[in-house]
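The values are calculated or read from the model by the stated rules, or taken from the named source; none is laboratory data. None of these values were measured; they are calculated from a predicted model. For neighbour counting, all protein chains shown are included, and Cβ atoms are generated from backbone atoms with ideal geometry for every residue, glycine included.
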Amino acid sequence: MNQKPKKSNTIWIVLGVAGGFFLLTMGVCCGVGLWFTRFPSVPASASQAFDYGPRPNAAVTSSVPSKNFPNVGQRTDVIFGDGNGFGKPAGSSSRLWIYMPLTQLQPSSTPCILICGAGSTMMTGMKLSDGDEAEHLPYLKAGFVVVAYDLDGPNEGDSPEPKSYEAFRDSNAGLVNARVAIEYVLANLPEVNPKQIFSAGHSSAGTTALLFAEHESRLAGCVAFAPCTDLQARIPGALVRTLSLTFEGLPEFLVKSSPRTHETKINCPVMLFHAADDSNVPIEDSRAFVARLKSAGKDATLKEVATGDHYQPMIDTGIPAGIEWIKLHLK
């Protein structure tokens, strides 16, 4: 006659099954969790350079002197389209701020700095603001022409918006805007020496400056202050996967717009500046980026300071060092 299992055996069997199910569930959850936090895999085509393409079709609708800086120079605002950063095609609705020294300039006599506004998430664009002048005026005081430019797809809120992402993506992460700026300089500013045009920028604008240098052969050099050089390492995989539900092609775009992806294409001298205690972008990123450039035979320099965090060292020490570096390369 069959006997029923003893009660104690039944309890252990139930506990064993429950424990096994718990461990299996935890394993699956942990596996899914680890997968979700990784940066998504992307096709090999994401490592190809952006299609720099022909000169963007951007028509000037306004060019107005907007600000005087006593004993230093003047700023003129140039507006393309309605200047809102959402034009079709990309680059057709944006702005340039052109700073000219007060001194009389001879044709092809003056170096030029191309710089965009900082503070972007690197998934959306950025409009210039008065707070950017602190980064522009030192170059003007040094006797350079400065051309600052908007990035398509400015974002109004704290979180990236699909409309802003799409405009920024369509501008090739701001490369179209940078191209509009350099083409405007070459066509309309005869005072600028076409062989002495430099890209520059801080933080996200430093990222754009490096990406620009990787795609534009006419630049004489690039100065980037505390830039993000590796967007895959910078932006959490979980955030990328979540935003990808509404941001079409986001993983591929971030890889394509990361300076690390195209670093071997840089053929102009590069200077990076970074504070060792930067709490926003780790200095190790700049150290590694410059080390890779040097190992590839590139002209790359890293200038470091010990303290000051992310912003103030750029103002106090970085830009003056960048100006001296530029002057050395002018010789």
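Conditions (1) within 17 Å of Ile326 (Cα to Cα); (2) hydrophobic (A, V, I, L, M, F, W, C); (3) touching a strand residue (DSSP E or B) at 6+ places or on another chain (Cβ under 6 Å), marked per residue:
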residue: Glu191; (1), (2), (3): no, no, yes
residue: Ala213; (1), (2), (3): yes, yes, yes
residue: Thr242; (1), (2), (3): no, no, no
residue: Thr261; (1), (2), (3): no, no, no
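Against the definition (outside any helix (DSSP H, G or I) and of a type outside the set (Lys, Arg)), how does Phe198 come out, yes or no? Working first, answer last.
Working: outside any helix (DSSP H, G or I): yes; of a type outside the set (Lys, Arg): yes.
Judged against the criteria, Phe198 is a match.
Cβ-Cβ under 7 Å, sequence separation 6+ or interchain: first residue in the stretch 56-85 and exposed (fewer than 13 other Cβ atoms within 10 Å of the Cβ), partner of a type in the set (Asp, Glu). Which pairs?
Listed pairs, sorted by first residue: Val64/Asp77; Ser66/Asp77.
Say whether the condition of being among the hydroxyl-bearing types (Ser, Thr, Tyr), buried (at least 18 other Cβ atoms within 10 Å of the Cβ) and within 17 Å of the chain's Cα centre (by Cα) is met by at least one residue in the stretch 122-131. Spell out the reasoning first.
Step one: of the stretch 122-131, the residues among the hydroxyl-bearing types (Ser, Thr, Tyr) are 124, 129.
Narrowing further to those that are buried (at least 18 other Cβ atoms within 10 Å of the Cβ): 124.
Restricting the remaining residues to those that are within 17 Å of the chain's Cα centre (by Cα) gives 124.
The answer is yes; a qualifying residue exists.
Does Ala181 meet the test of being in contact with a Leu (Cβ under 8 Å, 6 or more places away or on another chain), assigned to a helix (DSSP H, G or I), among the small types (Gly, Ala, Ser) and crowded, with 24+ Cβ neighbours inside 10 Å?
Details: in contact with a Leu (Cβ under 8 Å, 6 or more places away or on another chain): yes; assigned to a helix (DSSP H, G or I): yes; among the small types (Gly, Ala, Ser): yes; crowded, with 24+ Cβ neighbours inside 10 Å: yes.
Yes: the conditions hold for Ala181.
Residues Met100, Met126, Met122: which one is touching a residue at least 40 places away in the same chain (Cβ under 8 Å) and on the phi > 0 side of the Ramachandran plot? Show your work before the answer.
Values: Met100 fails: on the phi > 0 side of the Ramachandran plot; Met126 fails: on the phi > 0 side of the Ramachandran plot.
Going through Met100, Met126, Met122 in turn, the sole match is Met122.
Could you pull out every one of the helices (runs of 4 or more DSSP H) wholly within the stretch 241-331 that has 2 or more residues that are without any contact (Cβ under 8 Å) to a residue 60 or more places away in the chain and surrounded by 19 or more Cβ atoms within 10 Å (Cβ to Cβ)? Steps first, answer last, please.
On the way: elements: 250-256, 283-295, 319-330.
It comes to 283-295.
For the stretch 90-108, name all the residues that are part of a strand (DSSP E or B), under 30 Å from Arg169 (Cα atoms) and of a type outside the set (Ser, Thr, Tyr). Explain how you work it out, then say what you get.
Here is the first cut: in the stretch 90-108, the residues part of a strand (DSSP E or B) are 95-101.
If we keep only those that are under 30 Å from Arg169 (Cα atoms) as well, we get 95-99.
Within the stretch 90-108, Arg95, Leu96, Trp97, Ile98 meet the criteria.
Tell me, please, whether a residue that is in a helix (DSSP H, G or I) and either at pLDDT 95 or above or surrounded by fewer than 17 Cβ atoms within 10 Å (Cβ to Cβ) (or both) can be found in the stretch 155-163.
Checked the stretch 155-163: at least one residue is in a helix (DSSP H, G or I) and either at pLDDT 95 or above or surrounded by fewer than 17 Cβ atoms within 10 Å (Cβ to Cβ) (or both).
Might you check whether a residue that is out of contact with any helix residue (DSSP H, G or I) (no Cβ under 6 Å at 6 or more places or on another chain) and modelled with pLDDT of 50 or more occurs anywhere in the stretch 18-31? Quick ask: steps written out before the conclusion?
First, pick out the residues of the stretch 18-31 that are out of contact with any helix residue (DSSP H, G or I) (no Cβ under 6 Å at 6 or more places or on another chain): 18-31.
Add one more test, that the residue is modelled with pLDDT of 50 or more, and what stays is 31.
The answer is yes; a qualifying residue exists.
With assigned to a loop (DSSP other than H, G, I, E, B) and at pLDDT 95 or above as the only criterion, which of Phe86, Phe39 stands out?
Values: Phe39 fails: at pLDDT 95 or above.
The match here is Phe86.
Identify, from the list Thr229, Thr208, the residue that is closer than 16 Å to Phe50 by Cα and β-branched (Val, Ile, Thr). Before the answer, list the steps.
On the way: Thr229 fails: closer than 16 Å to Phe50 by Cα.
Result: Thr208 is the single residue among Thr229, Thr208 that is closer than 16 Å to Phe50 by Cα and β-branched (Val, Ile, Thr).
Restricting to the stretch 289-318, name every residue that is among the aliphatic types (A, V, I, L, M) and farther than 18 Å from Ala213 by Cα. If you could, list the steps in order and put the result at the bottom.
Here is the first cut: in the stretch 289-318, the ones among the aliphatic types (A, V, I, L, M) are 290-291, 293, 296, 300, 302, 305-306, 314-315.
Of everything in the stretch 289-318, those that are among the aliphatic types (A, V, I, L, M) and farther than 18 Å from Ala213 by Cα turn out to be Val305, Ala306, Met314, Ile315.
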